[in-house]
Each structure stands twice: as C-alpha cells, then as structure tokens.
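*Asks:* Once you've had a glance at the structure underneath, I'll fire off some questions.
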Amino acid sequence: MSRGNYSPVTRHTERDLAALLGPSGITVDPEKRAAYSIDETIPRFEREYAADLICFPENTAQVSSVLRYASEHRIPVTPRGAGTGLSGGAVPACGGIVMSMERMNSILEIDMENRTLTAEPGVITSEIAKAARDHGMFYAGDPCSGDISSIGGNAAENAGGSKVVKYGATGAHVLGLEAVLADGNVVTFGGKRRKDVTGYDFIHLLIGSEGTLAVITKIILSLLPLPSCVTDLLVPMPSAASAVKLIPLVMTEGGVVPSSIEYMDRQSILNVERYTGVSVPYSGAGAQLIIQLDGMDRRRLWNEAERVGDICVRNGALEVFVAEDRNARDRVWSIRKLVAEEEWTNSMPVMSKEDVVVPASETARFMEGLPGIMARHNASYNAFGHIGDGNIHITVFPDAAIENEDLHKLAGPMRRELYDFVRELGGTMSGEHGIGLKRKEYADIFLSAPQIELMKRVKSAFDPGCILNPSKLVP
Ligand SMILES: Cc1cc2nc3c(=O)[nH]c(=O)nc-3n(C[C@H](O)[C@H](O)[C@H](O)COP(=O)(O)OP(=O)(O)OC[C@H]3O[C@@H](n4cnc5c(N)ncnc54)[C@H](O)[C@@H]3O)c2cc1C
C-alpha cells in the first residue's frame, strides 16, 4: 500500500479525534480495522490495504469536524456505508481514516404531500422501501443488495438493480442531498422540489462519485404511488442470443415497459441446481428471462402479460410461466437470487466479477463474442443480470486452482480484452458497481484524455488536498 504524501495517524490523531467524537466514536482495534478495510470485491483486497483508524460520526456536525481536522492535517478519509461494494470503493487505498456512516441510520421524515422520504446515509435500503410501503408509497430504488447495503452507498455508487429498466437507478430518485466537503463546509443541493435549473446539477455530480468529492449526510428521495398489481413471467429460451434479441421487442411490439427484465444463462441455472439439489424447470434451456410487469389495474396488467407472453412464444420461448400470486412470484425470483447466493458460497476461486453494459442492439453480438474471450484466458464463466438495461454480470473462474494474488494478476489481461470488446460495441465497463480500485487502471479505455483532465479538475475543485477517498475513480 502506498501512503503517498499523507501524514500518518499518530497517538495525537487518536486523542484529537476522540475529543471530537467521544471515546466510543473511534477505534484502532486491529480486528475492526481489518474488517472495515475490505468490501465485497472478489478477489479480495485484504492484506493489501489497511485503515489506521475507524471513526463513527453520529451527525453532520461530527462529519464536518473530522473532515476539517483531516484536511488541516492531510490525512486521507475513506467514507464507508455498509461495505457491500463490488469495486473496492470503500477500501482505504492510502490508509488513514475510514469514516463509517453506520450510526447515521435514521429515517428522518416521510412527507406525503411532497411524496418524499428524507434519510441519513447509513439507513439500509430495504428499510427505506419498507417505510415507504407502510405509508402506501413506493421507493423504486432496488439493488439486489437492498437488505445489506446503505442508501448513502447506493447514492455514492448510483446503484442500479432490477427495476432500472422502468424506474431508473438510484440517482433518478434523489431530489436533494446534504453533503460535507473536504474542508468541513456543509452544503445542501436540491430539496423537496421536482424541478431545479438554478445552477449546475451538483446532485447528479455527487451521485456515483464514489466518495471522492464529498461525504453525503442526508438524502431526500422521491416516492411513487405503490403499484397494486404485479405479475412475473418466467421465460426459458433456447439460446442466449434468442433471449437477448427478444428484449427490445417487448417494448417496441408489446408497447410495455416492464419493471424488470432479468437474465440467467444456462450455467447460472445449473449452478443453482447443484447448490440447492432441487431441479429447476427447463434447466437445459440456453437462458431464462424473468419479465416483471406492474401497474394499478389488474385487467390492464393481464392484457399486457398476454401480449408479452405472445411475443415471447412467437420468438422461440420454450414456455411462458405466469406467476401472479405472491408464492409463485417468490419462487420465480428465488432462482434469480440463488444465482448470486450460490456464487458467495461457492468454494471455487473467482477471478473477477464483471458488470459490463452494452446497447440493447449489441447484446446478441456481445453474447456471441464472450465465450471466445473467456476461452483465450483459460477461464469459464456464468452470466446473469439486468439485461433490460443491457447490464450483464459475468462471474469468471480460472480453469486451474490459483492463489488470491495470482487471481488479481490473471484478471488483468482478461479484463482488458473484455473491455476493448465492450467499447467496440458502444458499451462501458461498469453499469452499477463502479470504478473504485478495481477498474481504475482501465478507465482510459473508455474516457478520453480531455474527459480525464476535466475529472481531475472537478476533483481538485471539491477536494484540493485530495484527502477524500484518494486513489479511486479518477485515473
Ligand atoms: C450480493 C450483492 C448484490 C449486489 N447487487 C447489486 C445490484 O443489484 N445493483 C447494484 O448497483 N449494486 C449491487 N451490489 C453492490 C453494492 O451493494 C452497491 O454498490 C451498494 O450501493 C454499496 O452500498 P454500501 O452501503 O455497501 O457502500 P460501500 O460499499 O460501503 O461504499 C461504496 C462506495 O460509496 C462510498 N460511500 C459510502 N457511503 C458514502 C457517503 N455517505 N458519502 C459519500 N460516499 C459514500 C464509499 O466511499 C465507496 O466508494 C451488490 C453487492 C452484493 C454483495
């Protein structure tokens, strides 16, 4: 780990920060430091990077006092939500302070008249969805990690998930932010209003900025009326190419924007079968799609489901299972959720988890090219994800048993070839997991020199001393 030109965390730093936050507001316990120095990126960055001190602010004033202190003393600060990130964003690349937002975890207000929910950043995403639901409202941000990730982390990563195709990623639901700048100044962007062209759109500059520009301390989210009817279609298709070609037709011919269009390739389904020991219908199909429709009118939804089902059958579907009641829908989605669960419990070493996005028109070409790339790097893979957005997750396994350090090395050439191919198709290397530490060295494949220069200037305008999450995102 290179600590750059930063000052070390000393006993004086510990004493000063304990005075700002109280003795229980900081820790230097080695086990805690290790636990707060990694996220869920596989292969892990453990042993490579370590925080010197973890702090747990309880309010905006404390965040501000720590950042002011860190700026004055030139100590790096890495903001951390729930640590479920998949690109090393919360990993302290230059050591220093990890600022955990876990104690700022209150839902501050639900305002029915303005249809907004205001929350601190440490609130777990599914608690926001539940609070909205309890008021008959709908929070449409829906990362698959909703039960474990925080809303601050979702905003900082512009988290996507399975409802982006209709409702957009996290940033589409954010109306306002309170944030603390590196020098400790507190700023408020936006508010409970739905329109605002008064000045630059700083909200959407901070969304997806991976903790490199400011620490988010309050978020105003937009709520929608809760859809009263939901139907899921499980559609086995003969091949990956036939599955992805079907997707635009659902919207163009069917005239329907589904709330989700999820994809699982044959290998993903076989992994689920092996993991659960239970057979999945049509597990031999080339791929399976889950198409979810939602709305307020049951008859209308039924007509839409029929239309979409017809399109699927006309385009080669082996079957269309319609799941209308809660139990049947849970069974359909449990297969999709088990794809991810199986991967976390699988003992096989993972070389990389990828998160590429290509335009809808290129998904078939992407699927055709993928096996060749993996074969050239002696790797096998399974692919799944949010295909309605052209966002495909690929979990890559080396064909031979390999140590953690070698997995990082092996992943490099594979990623480069994959990303070059994705760029050729007009796509990009990450749809929702971010650049973080993991993809920083590949950013110049997708970002031009003037873009990178502009990013550097934005970074230095927000954080001239470069103390906020250094060595991330900006190439
Ligand atoms: C099983 C599993 C499924 C997943 N599914 C999805 C999915 O469907 N869609 C998706 O988009 N992602 C998914 N992820 C990735 C991850 O959950 C998201 O990136 C999530 O938004 C991270 O939130 P977090 O609270 O864990 O943030 P962390 O991992 O703690 O941090 C992520 C980044 O945000 C910054 N940050 C955190 N809080 C703040 C703050 N208050 N102010 C400024 N910066 C901050 C950190 O510095 C870091 O750069 C999944 C992860 C797992 C493990």
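Computed from the coordinates by the stated procedures, all read-outs in this text should not be read as laboratory data. As the structure is a prediction and not an experimental result, all values here were calculated from the model. Backbone-built Cβ (ideal geometry, glycine too); neighbour counts: all protein chains shown.
*Asks:* Quick one: helix 11-21 against the long Cα principal axis of the chain, what's the angle to the nearest 10°, folded into 0 to 90?
*Replies:* So the inclination is approximately 70 degrees.
*Asks:* Right, something else. If R₀ is 35 angstrom, what is the calculated FRET efficiency for the pair S228 and E368, using the beta carbon separation as r and rounding to 0.05?
*Replies:* Between S228 and E368 the formula returns 0.30.
*Asks:* Can I ask one more? How are the alpha carbon pair distances in segment 107-225 distributed across 10 Å bins from zero to the largest one, expressed in percent?
*Replies:* Per 10 Å bin, starting at zero, the Cα-Cα P(r) for segment 107-225 comes out as 15, 50, 31, 4, 0 percent.
*Asks:* I've got another one for you. For segment 128-150, list residues with backbone N below 20 Å from a point placed 7 Å from the Cα of M112 toward its Cβ?
*Replies:* Backbone N within reach: 128-140.
*Asks:* While we're on this one: Rounded to a whole number of µm²/s, how large is the Stokes-Einstein D of the chain at 20 °C and 1.002 mPa s, given Rh as the Kirkwood radius over C-alpha pairs?
*Replies:* This corresponds to a translational diffusion coefficient of 92 µm²/s.
*Asks:* Can you compute the FRET efficiency between R423 and R47 using 1/(1 + (r/R0)^6), with r the Cβ-Cβ distance and R0 = 25 Å? Round to the nearest 0.05.
*Replies:* Efficiency for this residue pair is about 0.20.
*Asks:* Cα axis of helix 266-276 to longest principal axis of the chain: angle in degrees, 0 to 90, nearest 10?
*Replies:* The helix 266-276 is inclined about 80 degrees to the chain.
*Asks:* For E14 and E441, calculate 0.36 nm times their separation in residues minus their Cα-Cα distance, and state this gained length in nm to one decimal.
*Replies:* 150.4 nm
*Asks:* Moving on to the next point. Rounded to the nearest Å, what's the spacing between the alpha carbon centres of segment 99-138 and segment 68-87? Just the number, please.
*Replies:* Their Cα centres are 23 Å away from one another.
*Asks:* Another question about this same structure. Taking the chain as the reference, fit the longest principal axis to its C-alpha atoms, fit the long axis of helix 125-134 to the helix C-alpha atoms, and give the angle between the two in degrees, 0 to 90, nearest 10.
*Replies:* 70 degrees
*Asks:* Bin by bin, in steps of 5 Å, what percent of the Cα pairs in segment 356-402 do you find, going until the bin that has the longest distance?
*Replies:* 5, 21, 29, 21, 14, 7, 3, 0
*Asks:* Could you check the spin-label model distance between N59 and T276? Points 7 Å from the Cα along Cα→Cβ, value in nm.
*Replies:* 4.8 nm
*Asks:* So if I take the centroid of the Cα atoms in segment 282-309 and the same for segment 344-376, what is the distance between those two points in Å?
*Replies:* Taking the Cα centre of each part, segment 282-309 and segment 344-376 sit 26 Å apart.
*Asks:* Could you put I128, I203 in order, starting from the residue whose Cβ has the fewest other Cβ atoms within 10 Å?
*Replies:* The order, fewest Cβ neighbours first, is I203, I128.
*Asks:* How charged is the neighbourhood of G254? Take every other residue with its Cβ under 15 Å from the Cβ of G254, and add Lys/Arg as +1 and Asp/Glu as -1.
*Replies:* Every neighbour counted, the sum reads 0.
*Asks:* Work out the length of the dipole vector of segment 229-344 about its Cα centre, built from +1 on the beta-carbon of each Lys and Arg and -1 on the beta-carbon of each Asp and Glu, and round it to the nearest 20 debye.
*Replies:* Using Cβ point charges on Lys, Arg, Asp and Glu, segment 229-344 gives about 120 debye.
*Asks:* Work out, step by step, the length gained on full extension between S2 and V187: first 0.36 nm times the residue separation, then minus their alpha carbon distance; give nm to one decimal.
*Replies:* 63.5 nm
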